Amino acid sequence: MASNPSTSTWTRGLLGAALLCGGASAQSFVDNTTDIPQGSPFNNSRTENVDFGDVDLDGDWDAVFADGGDQDQDQNRIWINQGPGANLGKFNDETAARFPSILDQSRDIEFVDFDNDSDLDLYISNTSALIAQTNRWWRNTGVGSGTYVDETSTRWVGLGGAGSSINPSQVLGGGGFIDFSCDCDFGDIDNDGDMDLFHSSYGGIFGGQVPSRIFLNDGAGFFSEFNPSGFQLVGQTIQNGNPGIWCEGTQQSDTTNSTGANCDVASSALDIDLGDIDGDFDLDVLHGARQEAPRMFQNRLEENGGVLGFRDVTGAVFPAGYSAGNGHYEQEMGDLDGDGDLDIYGLNWNAGFGFTDITLANNGSGVFGNLTNLAGSSSDDNEGDFFDYDNDGDLDLYVANFSGTDRLYRNNNNGGANFSFTQVGGLPPSGNTALDADCCDVDGDGDYDVFVANDFGARNYYFENVAGGTDNHAPYIPNLEQAPDRAPGAAPTVVRAQVYDNAPYYITWYNPTSLSYSVDGGTPVVVPMRSSAGQIFRGEIPGNLVGTISYFVTSSDKYGNTGVSASKQYVAGGAGAPGTSYCFGDGSGSLCPCNNQGNAGEGCANSTASGAKIAGAGTNSVSAGNLVLSCTGLVPSQPGLYFQGDNATNGGNGNPFGDGLRCAGGNVIRLQVAFANGSGASTTTVNIAVKGGVSAGQTKRYQCWYRDPAFSPCVTGFNLSNGYEVTWQL
């Protein structure tokens, strides 16, 4: 990801080929050279990468650049946006005042708050192509400062020692180790609330035999290698038959085994991407490979009960023929069809007879198909980025070309069921060797501009979007983690959500996102969530709460558009929950009518794409009479009815009723009508022990019926939650 500004004459108006998008207004970019630094050393260099972030916390986007690449020892640069105010979108080079004076061969630069102090630090990926050198840690010296110091000598922990896969011969005296990195990404890989490092390597002379590695953050910004195998390499490279270091099984180049017996953790990776491909809220790894086939590694944190581990699932998730030839420089993941999962754009992936780009659609469980060649993409490209250049709500594509003119593709989804790309005009002339492009609204006018990084001393481009229009599309939160019922304690309840937007993922990371929770229908409490990278945000609910905890997530973009998730709930009981949940809509695939399977622990899915869940709080004491039933995942503002029955009618065999499953039957008693609120939640405070006519020793079943007039494909107009079973005591 990345791109760079430029230095030529700026002409406002419609330059290049304008286009009409289904009747929409013409879209166009201009080559703005007025508002960025010009000339060497401020611009003209061998620029490999650009990244956007608010380094001085003044509310606008600044830019940093990785310079040097394979052939020069050069100074990385920082351009400071002179906003807010009249100078918003105008940049000054402030490298001398803000950056350490270090010359190196940088291929990537990443913003990350690695020390958890709420400002943006930097990580620089370097290559030892000419001289032995390491990747570097640069710390932002204070909130709002935007000035950096090099702390490479202290941030690495235990390199070459016990538990490290790095041979001591590769460790450098000034900190770090000899490596060949082109892209390293950060994410909360182990779900502990801080940003970990996935560190890729392409190997000497693109040899593809130096392994990628994982380094875990201790919470204060010090990084130790995650190497559960305990194996240490004999030298620089990993050999077939060696343990897979951080991945299940033994190393085997180009393996297609997906059982955990083998893996391939070493290839000529020039780009890697983190994201949740399979809907379990942890970060998986899409691992690029310049010469070999790109790979996919599944994070098995959830499958392993909270113990971090990875499996190479390349052979199981990609279709036949997904990659050919070499020159696979880059790939991106994004929700291209708006269905709540990550699809793939593979740059030069079909390079058997040319350099054709492809797209792959995710089926929702992390398996990719519908392989489509991208028209007009047969030239040698280097990097692509998703952004909504025409503000129609879907992700379009900018392609930085290594051997000619950059290209722009319009996504034809527009809220439909599928996606497709059409190449369009609207870009100024370009003909340099572009290595990267990043997209960001640097001038605050509501649309996304492009910085393009060029090699060989050519100027970098600032392609300004001048067609007008403002992003009015809210983020969407289709998937929210179901927290389990629990006993109160010191440990918080961790909740994660998938947050998508019509913006580059590295912009969505900065969306103000919050977790709202309430106890037994009380006043909501709002706590901030933190990006885990990918499309995942993470928040914590205090662990000492007692009752039925209802919660939902809200996310807003830079323009005030706000998205809200469905509501979910769990029970935090004093001496344990008063009852147990049963009769779920996530069975064998044949339980729910119309195959509207719900998520784990819920009823059958409804028009909100979730399912309703009933839970209880208080006690199961007849004398206390304080049992409270509540339901989340309902259709907002629609009526519902709580009822009680003697029997568990589903019995695990399926008992369709309307759009859901009938879970409670036999001597049915209506308890209370309750309308769902705007978040799809309701609560009944009816004294169940009196109204339901129960006595100690009896077991009763409870369920919530609710209206859902808009659901498709089912058309009955109503649905049901799962069931809740209570054995009453005195």
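Surrounded by 20 or more Cβ atoms within 10 Å (Cβ to Cβ) and either under 22 Å from Tyr500 (Cβ atoms) or aliphatic (A, V, I, L, M) (or both): is that true of Asp394 in this structure?
Values: surrounded by 20 or more Cβ atoms within 10 Å (Cβ to Cβ): yes; either under 22 Å from Tyr500 (Cβ atoms) or aliphatic (A, V, I, L, M) (or both): yes.
Criteria met by Asp394.
Return the total of residues in the stretch 335-374 being on the phi < 0 side of the Ramachandran plot and open to solvent by less than 50 Å² (accessible area, probe 1.4 Å). Walk me through it before giving the result.
We begin by selecting, within the stretch 335-374, every residue on the phi < 0 side of the Ramachandran plot; these are 335-337, 339, 341-347, 349-353, 355-363, 365, 367-369, 371-374.
Those left that are additionally open to solvent by less than 50 Å² (accessible area, probe 1.4 Å): 335-337, 341-347, 349-352, 356-362, 368-369, 374.
The total comes to 24.
Per the conditions (1) polar (S, T, N, Q); (2) over 25 Å from Gly204 (Cβ atoms); (3) open to solvent by 10 Å² or more (accessible area, probe 1.4 Å), the sole criterion not satisfied by Gln291 is (2).
Of all residues in the stretch 633-651, those that are touching a residue at least 60 places away in the same chain (Cβ under 8 Å) and of a type outside the set (S, T, N, Q) total 9.
Select from the stretch 335-372 the residues that are closer than 17 Å to Arg295 by Cα and small (Gly, Ala, Ser) and write down the one among them that is modelled with the lowest pLDDT.
Residues of the stretch 335-372 that are closer than 17 Å to Arg295 by Cα, as a first pass: 342-351, 357-362, 365-369, 371.
From what's left, small (Gly, Ala, Ser): 346, 351, 361, 365-366, 369.
Details: Gly346: 95, Ala351: 85, Ala361: 96, Ser365: 93, Gly366: 96, Gly369: 95.
If we take residues in the stretch 335-372 being closer than 17 Å to Arg295 by Cα and small (Gly, Ala, Ser), then Ala351 is modelled with the lowest pLDDT.
Among the residues of the stretch 669-688, which ones are within 14 Å of Tyr706 (Cα to Cα) and β-branched (Val, Ile, Thr)? Break it down stepwise before answering.
We begin by selecting, within the stretch 669-688, every residue within 14 Å of Tyr706 (Cα to Cα); these are 670-677, 680-684.
The answer is Val673, Thr683, Thr684.
Only a single item in (1) assigned to a loop (DSSP other than H, G, I, E, B); (2) touching a helix residue (DSSP H, G or I) at 6+ places or on another chain (Cβ under 8 Å); (3) not acidic (Asp, Glu) is not met by Trp137, and it is number (1). Only one entry of Gly640, Gly645, Gly651 meets the criterion of being modelled with pLDDT under 90, of a type outside the set (Val, Ile, Thr) and either open to solvent by 10 Å² or more (accessible area, probe 1.4 Å) or out of contact with any helix residue (DSSP H, G or I) (no Cβ under 6 Å at 6 or more places or on another chain) (or both), and that entry is Gly651.
Every condition in (1) open to solvent by less than 30 Å² (accessible area, probe 1.4 Å); (2) under 28 Å from Ala491 (Cβ atoms); (3) among the small types (Gly, Ala, Ser); (4) touching a Ser or Thr at 6+ places or on another chain (Cβ under 8 Å) is met by Gly563 except one, and the failing one is (2).
From the list Asp74, Asp104, exactly one residue is over 25 Å from the mean Cα position of the chain (by Cα), farther than 26 Å from Tyr448 by Cβ, open to solvent by less than 10 Å² (accessible area, probe 1.4 Å) and without any contact (Cβ under 8 Å) to a residue 40 or more places away in the chain. Which is it?
On the way: Asp74 fails: open to solvent by less than 10 Å² (accessible area, probe 1.4 Å).
Matching residue, one of Asp74, Asp104: Asp104.
Pairs meeting the criteria (first residue in the stretch 611-632 and in contact (Cβ under 8 Å) with a residue 40 or more places away in the chain and surrounded by 24 or more Cβ atoms within 10 Å (Cβ to Cβ), second residue charged (D, E, K, R) and outside any loop (DSSP other than H, G, I, E, B), beta carbons under 7 Å, at least 6 apart or on different chains) are Lys613/Lys568; Cys631/Lys613; Thr632/Lys568; Thr632/Lys613. Evaluating Ser377 against the criteria (1) surrounded by 19 or more Cβ atoms within 10 Å (Cβ to Cβ); (2) at pLDDT below 95; (3) within 17 Å of Leu274 (Cα to Cα) leaves one unmet condition, (3).
Would a scan of the stretch 493-502 turn up a residue that is more than 23 Å from Ile344 (Cα to Cα), surrounded by fewer than 20 Cβ atoms within 10 Å (Cβ to Cβ) and either modelled with pLDDT of 95 or more or touching a His at 6+ places or on another chain (Cβ under 9 Å) (or both)? Quick ask: steps written out before the conclusion?
Residues of the stretch 493-502 that are more than 23 Å from Ile344 (Cα to Cα), as a first pass: 493-495.
Checking which are surrounded by fewer than 20 Cβ atoms within 10 Å (Cβ to Cβ) leaves us with 494.
With the extra rule that they be either modelled with pLDDT of 95 or more or touching a His at 6+ places or on another chain (Cβ under 9 Å) (or both), the set shrinks to 494.
The answer is yes, given that some residue of the stretch 493-502 is more than 23 Å from Ile344 (Cα to Cα), surrounded by fewer than 20 Cβ atoms within 10 Å (Cβ to Cβ) and either modelled with pLDDT of 95 or more or touching a His at 6+ places or on another chain (Cβ under 9 Å) (or both).
Residues of the stretch 40-58 that are in a loop (DSSP other than H, G, I, E, B), open to solvent by 10 Å² or more (accessible area, probe 1.4 Å) and touching a Leu at 6+ places or on another chain (Cβ under 9 Å): Arg46, Asp54, Leu57. If we scan the stretch 385-397, do we find a residue that is farther than 18 Å from Cys439 by Cβ, among the acidic types (Asp, Glu) and out of contact with any Leu (no Cβ under 9 Å at 6 or more places or on another chain)? There is no residue in the stretch 385-397 that is farther than 18 Å from Cys439 by Cβ, among the acidic types (Asp, Glu) and out of contact with any Leu (no Cβ under 9 Å at 6 or more places or on another chain). Among the strands (runs of 3 or more DSSP E) confined to the stretch 470-576, the ones with at least 2 residues that are closer than 21 Å to Asp276 by Cα and β-branched (Val, Ile, Thr) are located at 493-500, 547-556. Filtered by the rule that a residue be under 25 Å from the mean Cα position of the chain (by Cα), polar (S, T, N, Q) and over 13 Å from Leu634 (Cβ atoms), the stretch 597-623 gives Gln597, Asn599. Looking only at the stretch 542-581, filter to residues that are more than 21 Å from the chain's Cα centre (by Cα) and hydroxyl-bearing (Ser, Thr, Tyr); which one of those is modelled with the highest pLDDT? Top of the filtered list is Ser550. Scanning the stretch 303-346 for residues that are more than 25 Å from Ser403 (Cβ to Cβ) and of a type in the set (D, E, K, R) yields Glu303, Arg311, Asp312, Asp335, Asp337, Asp339, Asp341, Asp343.
Is there a residue in the stretch 128-141 that is open to solvent by 10 Å² or more (accessible area, probe 1.4 Å), free of Cβ contacts under 8 Å to residues at least 24 places away in the same chain and within 28 Å of the chain's Cα centre (by Cα)? There is at least one residue in the stretch 128-141 that is open to solvent by 10 Å² or more (accessible area, probe 1.4 Å), free of Cβ contacts under 8 Å to residues at least 24 places away in the same chain and within 28 Å of the chain's Cα centre (by Cα). Just to be sure, is Asp388 touching a strand residue (DSSP E or B) at 6+ places or on another chain (Cβ under 7 Å), within 22 Å of Glu292 (Cα to Cα) and either at pLDDT 95 or above or open to solvent by less than 10 Å² (accessible area, probe 1.4 Å) (or both)? Considered against the rule, which asks whether it is touching a strand residue (DSSP E or B) at 6+ places or on another chain (Cβ under 7 Å), within 22 Å of Glu292 (Cα to Cα) and either at pLDDT 95 or above or open to solvent by less than 10 Å² (accessible area, probe 1.4 Å) (or both), Asp388 comes out as no. Residues in the stretch 524-553 that are farther than 26 Å from Gly579 by Cα and buried (at least 17 other Cβ atoms within 10 Å of the Cβ): 12 in all.
The values are calculated or read from the model by the stated rules, or taken from the named source; none is laboratory data. Keep in mind it's a predicted model, so treat the numbers as computed, not measured. Quick reminder, even Gly has a Cβ in these numbers, built from the backbone with ideal geometry, and neighbours come from all protein chains shown. Only protein heavy atoms, including side chains, enter the accessible area calculation; ligands, DNA and RNA are left aside. Shrake-Rupley method; radii C 1.70, N 1.55, O 1.52, S 1.80 Å.
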